[in-house]
Structures are given as C-alpha cells and as structure tokens.
1. Can you list the lysines whose alpha carbon sits under 19 Å from that of Lys241, skipping same-chain ones fewer than 8 residues off?
2. For Lys113, Lys200, which order do you get if you count the other beta carbons within 10 Å of each Cβ and list the fewest first?
3. Using alpha carbons only, how many angstrom separate the centre of region 167-197 from the centre of region 234-262?
4. Out of all DSSP beta bridges in the chain, what portion is antiparallel? Express it as a percent rounded to 5.
5. For Glu223, Glu173, what ranking results if the residue with the fewest other Cβ atoms within 10 Å of its Cβ goes first?
6. Using per-residue counts of other Cβ atoms within 10 Å, averaged over each peptide, order 77-84, 8-15, 184-191 from highest down.
7. Net charge near Tyr224, counting Lys/Arg +1 and Asp/Glu -1 over other residues with Cβ under 12 Å of its Cβ?
8. What does the C-alpha gyration tensor say about the overall shape of region 123-168? Classify as rounded when a/c is under 1.5, otherwise prolate if a/b is larger than b/c, or oblate.
Amino acid sequence: MNPEVSQESIDRVVETIERMGFKAHLSRGQFRTVIGAVGEEGSLDQNHLASLDGVEKVVPIMKPYKLASRDFHEEDSVIEVGGGSVPKVKIGGEFATCIAGPCAVENEEMLNKIARLVRAGGATILRGGAFKPRTSPYSFQGHGEQALKWMRACGDELGMPICTEVMDTRQVELIERYTDSFQIGARNMQNFDLLREVGKTRKPVVLKRGLAATVKDWLLSAEYVLSQGNRGVILCERGIKTFEDSIRYSLDVTSIPVARQLSHLPIIIDPSHAAGKRDFVPAIAAAGMAAGAHGAIIEVHYCPSEAQCDGPQALLPEVFTELMGQLRQIATIFNKHFTKSAAPVGA
C-alpha cells in the first residue's frame, strides 16, 4: 500500500481479497502497510487489485513460505511473550532474551529454587517440561497438569513468562490455559496438525528445527502456524543430525544468518540439546549469539546428578550466570540487548 494510505482503502483491499477467496494478512511496518493474499495463485486477479485506491503495487511472492518471508514483512518482527499476570518480554530486532530452567518440572520445590537462580542469573522467561517426550515409555514422562500449575504459580510470583512443550493436539487447550508460550520440539516440527492447532491460539510458539530439516522445511513449518493467524513464531536452532559423533547434534550456526536473511522471524539457539554435555554449552551459545541469534534457551539445574531428565547437559547456576555475562557482551557488539527481569505485575 502507499505510505499515506487511509484505513478505508486498507479495509476495501482486504474485503476484495477475501471476496476472491483468499485470506488477507496485514503487516504494518514503520513506513507502510503490506497486505498478504494467501491462497491459490492462479485465481487472483492481480490487475484488479492493482487498480484499487491506495495500492502502490502487487508483488507475487514466489517463495513457498509467504508469511514467514521478508517479501511479506521486510522489518524484523518483535514478538512479545507474557502479559496479563506477568510482564511482557520482547524478542526480535534489537531485543534478545534468555529462556532458562530445568528440562523437566520434577517437583514444586525444585522448580521454585531453579527459577530464582536463573532469574538472578539473567533469564527472563522460565522453561520447564510438564509433558516429556522420552525414548523409553518407562522413563519419567512429566507431571502433566500439576506441573503446569506449579509453573504458572512460580512465573506469576517471580514476574517471569513461562514456556513449556506441547506434544499433541489434545494438549493444546490445557497448556494454553497455563502457559505464556508453546514450545514445539524437533520431532514435532512437521506435525502439521499440531502446528495448525497452536496457530489458532495467540500464544507465541518456539519452533525448534527438526533433526534432518532444511532451513526451507523449517520456514514452511513456521508458515503453518502463521497461516492460522498466529504471528508469534520464534525459530529455534537446536542442532541437526550429521555424521559427526563426538557431540550429540551439530548446531548449524550457518542456519542463523540464512534464516535471518530469508525471514523476519526472530531466532534463538538451544545449545543444551545440541551439546548433550554441559562442558560444550557455553561455547556453542556464544557462537550462536555471534552468528546473529536473538537469544538462547538453556537448561539449568542446581544438582544435575539428581535430575530425572537430561542432567548431563544442564548448567550449574554459577556457570549460567557467567555465561549470561558473556552473551550480553556479544549482544552489545551486534546492537542487541538482553531484556531484564521486571517486577511481578501488581508487586
């Protein structure tokens, strides 16, 4: 649309797009509004749209991922996580953030202790698994709704939005009631029914890259969420499976600048799951931030030997605090800054 377009002209274009059988998606940037028309390309009358008042030009987006593309939204998206009972945390553009906490919520006392430690260390969003995808059906599977209640209470008390993994479409409604953001694990990156379901919500979605997914595959998965109206997608590079066996996964640092060039969506890294061993986590996290990431999701535990899930990759609190100091310095070089924890709402 033209830079000084009226709201009346925007509404008319949206109405016309929808009358043609397409979905209209608005992207309001600093200088102009872009309206995306998503549907079957052959049935769109581009000449008619170009003739409407306020339209500057009609540009076909050739990439298979339309809404995730910078052709649709040129500027970096800034996603807000939280609100309501906890302060909002921004991620994207100049804003970086750290999501930290235990791999799994084992009990309320443990969760509260770790949450306080990671908040003091510089994390602004609390992570923790209520439902755990495990290789063995006999391994600890999480405490389900009880863990969600513990997380909600803890997040509200500390003023931290919470993030937890959803594994099944049947869990979306339950988790939505408690959480501030969904996490889609690597193995569910192409669970398209699940992507559509979280896309129908308006809670941000941390979308992890699949073990053998290309950047294009990853962005197409993000498109499933965006196509349902949920604009809050945060990409997460967590390592891919290669022939290298000296580390659990190979964190694809090159995917960060590539994804940032192709897409406006913010991107974070998961050095914990890439490494599988805490000794490697700080170096991998630093490399990801230097490559242009908007933050990291990191597992922390005060006694990793007692953890019921992924203890070997969890950082000790003091190491986490030191790492956050290093990540802040790297972020500053690239004109980003980590958001600080705010006081709880009503405190």
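Any read-out appearing in this document is the output of simple, stated calculations on the displayed coordinates, not a laboratory observation. Being a predicted model, the structure only gives us computed values, none of them experimental. Every residue, glycine among them, receives a Cβ derived from its backbone with ideal geometry; neighbour counts consider all protein chains shown.
1. Straight-line reach from Lys241, under 19 Å: Lys208, Lys216, Lys277.
2. Details: Lys113 17, Lys200 12.
Fewest to most other Cβ atoms nearby, the residues stand as Lys200, Lys113.
3. First find each Cα centre; the distance between them is then 22 Å.
4. The antiparallel proportion sits near 30 percent.
5. Result, fewest neighbours first: Glu173, Glu223.
6. Numbers: 77-84: 17.8, 8-15: 15.1, 184-191: 20.1.
In descending order of packing, they fall as 184-191, 77-84, 8-15.
7. Values: positive: Lys66, Arg196, Lys200; negative: Asp193, Glu197, Asp217, Glu223.
Cβ neighbours under 12 Å give a net charge of -1.
8. prolate
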